[in-house]
1. Taking θ = phi - 60°, what integer Hz values does the Karplus form 6.51 cos²θ - 1.76 cosθ + 1.60 yield along region 106-121, in sequence order, with x for Gly and Pro?
2. Could you please state, rounded to a whole Å, how far the C-alpha centre of region 1-41 is from the C-alpha centre of region 51-91?
3. Please arrange S42, S99 by how many other C-beta atoms lie within 10 Å of their C-beta, fewest to most.
4. Taking the 0 to 90 degree range and rounding to the nearest ten, how far is the long axis of helix 2-27 tilted relative to the main principal axis of the chain, both from C-alpha atoms?
5. Output ³J(HN,Hα) for region 85-93: one whole-Hz value per residue in order, computed from phi by the Karplus curve 6.51 cos²θ - 1.76 cosθ + 1.60 with θ = phi - 60°, and x for Gly and Pro.
6. Note down the magnitude of the dipole of the chain about its Cα centre, charges +1 on Lys and Arg C-beta and -1 on Asp and Glu C-beta and zero elsewhere, to the nearest 20 debye.
7. Go ahead and estimate [θ] at 222 nm for the chain from helices alone: -39,500 (n - 2.57) per DSSP H run with n ≥ 4, summed, over the residue count, rounded to 500.
8. Can you compute the modelled spin-label distance between I19 and F80, with each label point 7 Å from Cα toward Cβ, in nm?
Amino acid sequence: FKDVKNIFNFLDKFLFLNIFISIPFIYYKLKIAKNIMFLKYSSVSSILIPILLLTPLILNFEKGFILFHKIFFSNDYWLFDPDKDPIINLLPETFFLHSALLILFFILLFSLTCYILYRNIRNL
């Protein structure tokens with residue numbers, strides 16, 4: 001579980017850094033440059049990138065799940081035996097599929113929000 005904790009710690013730092021960089025950028029674009037095109041580009045890229053990355057998972061989740069673990073984990077501790085490791089029964093593969101779909105949903109919702117903001121501000 002140490003590898004998983006390291007990934008979450010990395011993602012926490014990555015998120016904080018992105019927020020730290022994004023807020024001044026958004027302020028500059030909206031207030032100073034009066035340029036809202038970044039909302040359109042952000043929404044389109046936020047839709048396309050996750051769809052491109054998650055399409056293999058949706059088509060063959062098991063294969064994508066295995067590939068994900070081979071990329072992000074340097075060992076095979078993620079391979080569990082249901083008879084010896086009860087955690088696998090608490091967190092079956094479908095849990096991770098539903099988690100991935102929920103993440104995709106929120107990304108798409110954010111993207112749609114950015115696009116609606118772009119359209120509404122552009123028409124002012």
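1. 5, 5, 5, 4, 4, 4, 5, 4, 4, 5, 5, 4, 4, 5, 5, 5
2. With region 1-41 and region 51-91 each reduced to a Cα centre, they are spaced 27 Å.
3. Values: S42 18, S99 11.
Fewest-to-most Cβ neighbours within 10 Å comes out as S99, S42.
4. 0 degrees
5. Using θ = phi - 60°, the values come out as 10, x, 4, 5, 7, 7, 10, x, 4 Hz.
6. Working: 12 positive and 8 negative charges, 219 e Å.
Dipole of the chain, to the nearest 20 debye: 1040 debye.
7. On the way: 5 runs with 95 residues, N = 124.
Helix-only estimate at 222 nm: -26000 deg cm²/dmol.
8. The answer from the label model is 3.0 nm.
Laboratory data are not the source of any read-out in this text; all were calculated from the coordinates shown. Since this is a predicted model, take the numbers as computed values, not measurements. Cβ sites come from the backbone with ideal geometry, for glycine too, and all protein chains shown count toward neighbours.
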